[in-house]
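Written below as structure tokens is the structure these notes are about.
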Amino acid sequence: MTEGPAQDDAAGEQLTLVPVAVRAAARKRTPRPPAPPAEVEPVAEVVVDVPLAHLDRVFEYLVPATMADDARPGVRVRVRFGGQDVDGFVVARKASADHEGRLAPLRRVVSSEVVLDGDLLALCRAVAARWGGPLADVLRLAVPPRHAEAEQQAADAHPAPTSAPPGPGPWARLPAGQALLDRLSAGHAVRGAWTALPAAGGDEDWPAAVAIAVQAAASAGRGSLVVVPDHRDLTRVDEALSRELGDGHHVVLSSDLGPRARYAAWLRVARGQVRVVAGTRAAMFAPVRDLGLVVCWDDGDDLHSEPRSPYPHVRDVLVLRAELSGAAALLGGYTRTAEVQQLVETGWARAIEVPGATLRPRAPRVLLAGEGHEQERDAAAASARLPSLAWRTAQQALRHGPVLVQVPRRGYVPAVACRTCRGPARCATCHGPLGLPAPDQPPVCRWCGRVAAGWRCPHCEGSTLRSTVVGARRTAEELGRAFPGVPVRTSGGATVLPGVPSQPAVVVATPGAEPVAAGGYAAALLLDAWALLDRADLRAGEEALRRWMNAAALVRGSADGGAVVLVAPGGLRPVEAFVRWAPAWFAAGELDERRALGFPPAATVVTLTGSSGAVQSLLHCSEVPAGVEVLGPVPHDEDVRVLLRTAPDEGDALVRALRAGTAVRTARKEPGSVRVQRDPLDLV
């Protein structure tokens, strides 16, 4: 038991016999001689993955001879930067360096796969310049993370479909449809603002039209990129492309795919093995070879807006791609945004619309509750949640098929108020709104999630609640009682139905979650329309019309008895546009109002959001061009927001000035960050 300490003492005595200088020399490593540089083009320009504005440029590194063949432009590398190893992309090789000092060598080539070609790099630089973000942030959006197994798995190449131009299909009903396909088949860069014809989910619906346009571009030997808002739209486009092009001639890119599957599909595109891509927002940078057509469906959907820096929008990125590559562009939807309307009025795009004689029998009949003779028959129709007109329409339609009921809010009762004083019920901890998750459960705060059992009104001491907003599940309960014996299904939130059969049923869905019905819905009821119209949002009217028309397009045409009942007050422009089925008329009026008020797209507005000190510091460091209007600061959540407004043709100069100011702040290591967004959706 005493041997251990004795041995330790002996070891200590032996160590003292070794001179200190000898021990220090032993610890020193013999320096490894530097590897010789590459004989040809020994200097590499590298974009490092460091999203700091003052470091937003290329850096020069020495290419060792051992990496000369693999360190090609477009490959991933590891380099030493700021005392640590970071990722980067080689963007060029050259014979001599501009830097006069000694160059650090590349640490290693991560992969010899070229993932950043010249076209993709040019697009990323254009996006960074337009939205004022570091190139590293854009590259992070454009190039998915590497997956080694996906790189090693070589996929078979499928020849591009170059058959004869397709038949017109749904395009035959549009006056300019055949001309569009002819120009796509000839490889021309035609640009169209396409107002799709409602087809109730049939074979002539918009996915079929998109697939035929892609086939027309393929017949000219050109690739195509189709971007849609969500996975349900993507599934429909995927099926239509498979029918039109055949299996293996296109890939699907979506953030819903796993890392390996997404990177493997992306590599097939980058290698030129397929030249047709369909995807959601994550696909807008897909490196399609010989790009001849870009398609953006339903550009007004907020899912097309990237929530990460530098916050680009799919529509605008695809417009940039069309300009840079000389590709055709289709911006389609059942409605038209003010941004697309501006492209039409400036001549960049041509309107592709349906004539009234073709539209009327294919669009459903739109009825407005509380208008005309219905106001005399049902005096409460304008304010009732389910007016008699809606009940009668649904009852009659259920004899012939399913009925869609659109409800703006999901959940059971998402908002409640005091039954006595009618004041909104709020959480005692965070003052967030209370809601009822189920009929037999106490109210819960929608912000912090705390249960408000035993709630009492702080104003009148009342303890009972009333609903102010009814959700989809509560609506389903009410309709189940109103139509006994009829199946009631819900779609929204975490449970979104892909489709429903043609049998009679009531389908309650939130906006954007409406399933496609086989053969189309017999009718649709659009309830609580005020919840969409009363939002404090610049795009409230545009968004309400978009959601109504997307739902109504799933209903059978008036020639087949299809009808839609809108429970909304009359006299409003979005309501009138819906009743008339006139999205182009509404978009033109919306753009005129934006011009009068000085809002995008008639003006460029850049928002600065952050702490008060950081925002003021950025303004001080930026040489904001003359003529820029500064609005604010105003409170924004826990920060402040400043709006900078200027003419559209001066927007790029304003973004450059703010980008330079951000570089000054990061170089000085000033505290606080500022979010810089160009024409954000949540402007108001």
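For every helix of n ≥ 4 consecutive DSSP H residues, a contribution of -39,500 (n - 2.57) applies; sum these over the chain, divide by its total residues, and give [θ] at 222 nm rounded to the nearest 500 deg cm²/dmol.
Helix contribution divided over all residues of the chain: -9500 deg cm²/dmol.
Using 0.36 nm per residue of separation minus the Cα-Cα distance, give me the extension gain between Arg580 and Arg466 in nm, one decimal.
37.4 nm
Roughly how compact is the chain, stated as its Cα Rg over 2.2 N^0.38 Å to two decimals?
1.16
Please identify the trypsin sites (Lys or Arg not before Pro) of the range 301-367 that satisfy two criteria: DSSP loop assignment and at most 13 other Cβ atoms within 10 Å. Which are they?
Answer by residue number: Arg308.
I'd like the FRET efficiency for Glu149 and Arg350, computed as 1/(1 + (r/R0)^6) with the beta carbon distance as r and R0 of 51 Å, rounded to 0.05.
Using R0 = 51 Å, I get an efficiency of 0.65.
Using a Förster distance of 60 angstrom, determine the FRET efficiency expected from the C-beta separation of Arg78 and Ala357, and round it to 0.05.
0.40
Would you calculate the separation in nanometres between label points at Gln503 and Arg289, each defined as 7 Å from the Cα along the Cα-to-beta-carbon direction?
If labels sit at Gln503 and Arg289, their model points lie 5.0 nm apart.
Could you calculate the contour length gain from Thr495 to Glu39, that is, 0.36 nm times the residue separation minus the distance between their Cα atoms, to one decimal place in nm?
Gain on extension, Thr495 to Glu39, equals 158.1 nm.
Could you check the simple spin-label distance between Ala438 and Val486, using points 7 Å along Cα→Cβ, in nm with one decimal?
Placing both labels 7 Å along Cα→Cβ, they lie 2.7 nm apart.
Return the percentage of antiparallel bridges among DSSP beta bridges fully within the chain, rounded to the nearest 5 %.
50
Quick check for you: with a 1.4 Å probe and neighbouring chains kept, what is the accessible area per residue of the chain, in Å²?
46
With labels modelled as points extended 7 Å from the Cα through the Cβ direction, what inter-label distance (nm, one decimal) is found for Ser255 paired with Ala176?
A separation of 3.3 nm, rounded to one decimal place.
Determine ³J(HN,Hα), in whole Hz, for all residues of the range 282-298 in sequence, where each value follows from phi through the Karplus function 6.51 cos²θ - 1.76 cosθ + 1.60 and θ = phi - 60°; x replaces Gly and Pro.
5, 8, 5, 9, 3, x, 6, 6, 6, 4, x, 8, 10, 10, 10, 9, 6
With a 10 Å radius around each residue's Cβ, average the other Cβ atoms per peptide and rank 165-174, 75-84, 136-145, 205-214, highest first.
205-214, 136-145, 165-174, 75-84
Quick check: residue separation of Glu650 and Glu323 times 0.36 nm, minus the Cα distance between them. What number comes out in nm?
115.8 nm
Rank Pro437, Gln677, His636 by how far each Cα sits towards the positive end of the charge dipole of the chain (+1 on Lys, Arg Cβ; -1 on Asp, Glu Cβ) and give me just the farthest.
Pro437
Which longest uninterrupted range of the chain lacks any GluC sites (Glu not before Pro) assigned by DSSP to a loop state (not H, G, I, E or B) and surrounded by at most 12 other Cβ atoms within 10 Å?
101-460
Using the Cα centre of the chain as the reference point, and only Cβ charges (+1 on K/R, -1 on D/E), how large is the resulting charge dipole? Debye, rounded to the nearest 20.
Around 720 debye, computed over the chain.
Using a Förster distance of 22 angstrom, determine the FRET efficiency expected from the C-beta separation of Asp637 and Ala540, and round it to 0.05.
Efficiency computed from Cβ-Cβ geometry: 0.65.
Given axes a ≥ b ≥ c from the Cα gyration tensor, I'd like to know whether the range 428-469 is rounded (a/c under 1.5), prolate (a/b larger than b/c) or oblate.
The shape class here is oblate.
How high is the relative contact order of the range 199-313, given as a whole-number percent (alpha carbon pairs under 8 Å, six or more residues apart)?
Across the range 199-313, relative contact order equals 33 percent.
Apply the Karplus curve 6.51 cos²θ - 1.76 cosθ + 1.60, θ = phi - 60°, to the phi angles in the range 568-579 and return the couplings in whole Hz, x for Gly and Pro.
7, x, x, x, 8, 5, x, 5, 5, 5, 5, 4
For the chain, what does the relative contact order come out to in percent, with C-alpha contacts under 8 Å and a separation of six or more?
12
The values are calculated or read from the model by the stated rules, or taken from the named source; none is laboratory data. A quick note: this is a predicted structure, and the numbers were derived from the prediction, not measured. Methodologically, a virtual Cβ is constructed for each residue, glycine included, from the backbone with ideal geometry; neighbour enumeration extends over all protein chains shown. These accessible areas exclude ligands, DNA and RNA; they are computed on the full protein's heavy atoms, side chains included. Shrake-Rupley method; radii C 1.70, N 1.55, O 1.52, S 1.80 Å.
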